[in-house]
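The values are calculated or read from the model by the stated rules, or taken from the named source; none is laboratory data. Note that the structure is a prediction, hence the values are computed from the model and not measured. A quick note on method: Cβ atoms are made from the backbone with ideal geometry, for glycine too, and the neighbour counts reach across all protein chains shown.
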Amino acid sequence: MNILVLNCGSSSLKFQIIETDLDIIEKNEDHQKAKGLVERIGGQSLVSLQSTGKPPVKQALPLRDHRVALDHVIRWIISADSQVPGIRSLADIHAVGHRVVHGAEKFTKSVVIDETVIRGIEDCIDLAPLHNPANLKGIYAARDLLGAGVPQVAVFDTGFHSTMPETSYLYALPYQLYRRHKIRRYGFHGTSHRYVAYRYRQLTGKDLENTNIITLHLGNGCSACAIKGGVSVDTSMGLTPLEGLVMGTRGGDIDPSIIEFLSHKEAMSLNEIDAMLNKQSGLLGLSGLTNDMRDLLAEEHEHQDRRAKLAIDIFCLRVKKYIGAYLAEMGGADSIVFTGGIGENSPQVRQRICAGLSNLGIEIDEQANDQLVGGKEGEMGAADGKIKLYVIPTNEELLIARDTVRSVRNAPRRW
Ligand code: ADP
C-alpha cells in the first residue's frame, strides 16, 4: 500500500509517501517514495518536495490554509513531473496516517478515523490547544481531497505512554483534580520512543519482555522515557510537552511558584508567561543567542561564549538527572539509547551527558561515539561499561505508516 503520512503543525505540513504492507513489515522492506514540507501556511509559503533519489523542488507561493497546501502537495505527488514511482492518480494513494499529538486517556493505540474518533480528538483540544486543531485540519483536508473511501488512521504521540502506572502518571495534587479534569502525566514523542525501542530489539535480538532501556529523544523538543519489559513506565514530559528536560525554547522542570512570582514582578499575564515558558526559555533563554544546539556548540568553541556553554551544561546536567532517576526507578537498565537531531548528531553532547557516570556503569567509547553522526546507527559504549550505549536514528513516519497498514488491515499489534 502507498501510505501518505501527514504531520500538520499550526502553520506547517510535513509529509512522506511510504510503501509498506503486512508482509513488507515482516521483511523490513518498507520504502520511502517521497517526502516534503510546507512552511508558513497562511502567508507566502515555502514548499520543498522531493521524490526519493531525485533533487528537491523548492517553491515559494501563497497557500491560504492546510487544505490548499495539501491539495498542492497531492497534485505534485500524482503529477508526471514528480516521478514518484507507482503513483499517477489519487487511486494510487491507499491510506493516510496522521500524527496526532494528544490522545489523552481516550486513545491508547492507533485507530482508524471515523466521526467518533474526530470528536474524541476534538475533546483533547483543551490539553493540546496548539497541536490537536492543526492535526484535525490535516484530517479534514485529506478527507476532503481524497474522499471518504480512503481510510485515515490517527497515531498518537501519547499512545506509547499509556502503559505508565498511576505512580508515574499522577501528580501529587488533590486527587479530585485528576478525577475532574484528568490532570496527569501523558508524555509525548511516544512514536519516537516506541520506534527506537523496536530498532533496539532488532539490533540486539532481545525480546519485548527483556527490553529494559532508557531512551533519550533530544531534538528541538526533548524527552526521556523509562522502558521496562518493553513498555513505557515513565517519561519526562507531562500534561503538556513543557515538563522535563531543557529543550530548544522550553525550560522543562521549574518551580511552579515562579509563575505567580512573575505575574507580580513583571506584570505578566498567564498567556505571556505561558508563551515565555514555551518559546523564550530553554537553550534560547539561557544563552540569549539561539535555540539551535549546533550553533551553541560553535559559539562555545569559537568565541568561548560563557552563556552558550552554560546553556549546554544545564541541558546535559538535566539529562543526567533523568538518567539517574530512571535507573533508580527501574532498578537499573541494560542500555541507554540516544535519538533526535542532537542525540543522533552530536558526539560532544552525548559525551558531556555521560561524563562522570562510570560509577553507574555508563562509559563511552570515544572513537565509536565520534563515528555515530548523520543518521548512523550503532553502539558506542566502552567494552567494560555495564550499561550499553546506542545511537538509533528515529523514524516516526515509518512507524505511522506501519500502524496505518496494521489498523486498516485489522492486524494485531502487541507494543
Ligand atoms: P525537531 O524536534 O524539530 O524534529 P530535530 O530532531 O531535527 O528537531 O533536532 C533539532 C536539533 O538538533 C537542533 O538543536 C539542532 O541544532 C540539533 N542538531 C542537528 N545536527 C546537529 C549537530 N551536528 N550537532 C549538534 N546538534 C545538532
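Descriptive notes on the structure:
- Region 377-415, subset part of a loop (DSSP other than H, G, I, E, B) and basic (K, R), residue farthest from the chain's Cα centre (by Cα): K386
- Scoring M237 on the criteria (1) out of contact with any Cys (no Cβ under 9 Å at 6 or more places or on another chain); (2) part of a loop (DSSP other than H, G, I, E, B); (3) not aromatic (F, W, Y) leaves a single failure, condition (1).
- Strands (runs of 3 or more DSSP E) wholly inside region 1-67 that include at least 3 residues being closer than 30 Å to L203 by Cα: 2-8, 13-19, 31-39
- The listed residue being under 20 Å from L286 (Cβ atoms) and away from the ligand (no atom under 15 Å from the Cβ), out of L317, L327: L317
- Residue match in region 217-230 (condition: within 15 Å of the chain's Cα centre (by Cα), of a type outside the set (G, A, S), within 13 Å of the ligand (Cβ to nearest atom) and assigned to a helix (DSSP H, G or I)): no
- Of all residues in region 253-268, none are in contact (Cβ under 8 Å) with a residue 24 or more places away in the chain and within 16 Å of the ligand (Cβ to nearest atom).
- Residue match in region 348-359 (condition: farther than 28 Å from T158 by Cα, hydroxyl-bearing (S, T, Y) and out of contact with any Cys (no Cβ under 9 Å at 6 or more places or on another chain)): yes
- Each residue in region 365-389 was checked for being at pLDDT 95 or above, away from the ligand (no atom under 16 Å from the Cβ) and closer than 19 Å to I214 by Cα, and 9 pass.
- Here region 282-294 is the region considered, the condition is being near the ligand (Cβ under 8 Å from one of its atoms) and out of contact with any Leu (no Cβ under 7 Å at 6 or more places or on another chain), and the residue that is nearest to G374 (Cα to Cα) is R294.
- Residue tally, condition out of contact with any Phe, Trp or Tyr (no Cβ under 8 Å at 6 or more places or on another chain) and part of a helix (DSSP H, G or I), over region 198-216: 6
- Scanning region 204-215 for residues being farther than 11 Å from S335 by Cα and crowded, with 16+ Cβ neighbours inside 10 Å gives a total of 1.
- When we screen S168, S192 for residues that are of a type outside the set (D, E), surrounded by fewer than 21 Cβ atoms within 10 Å (Cβ to Cβ) and either in contact with an Asp or Glu (Cβ under 6 Å, 6 or more places away or on another chain) or in a strand (DSSP E or B) (or both), the only hit is S168.
- Looking only at region 334-360, residues that are away from the ligand (no atom under 16 Å from the Cβ) and within 22 Å of the chain's Cα centre (by Cα) come to 2 in all.
- Long-range neighbours under 8 Å by Cβ, at least six apart or interchain, first residue more than 18 Å from L218 (Cα to Cα) and at pLDDT 95 or above within region 302-328, second in a helix (DSSP H, G or I) and not aliphatic (A, V, I, L, M): D305/S287; D305/E299; R307/S287
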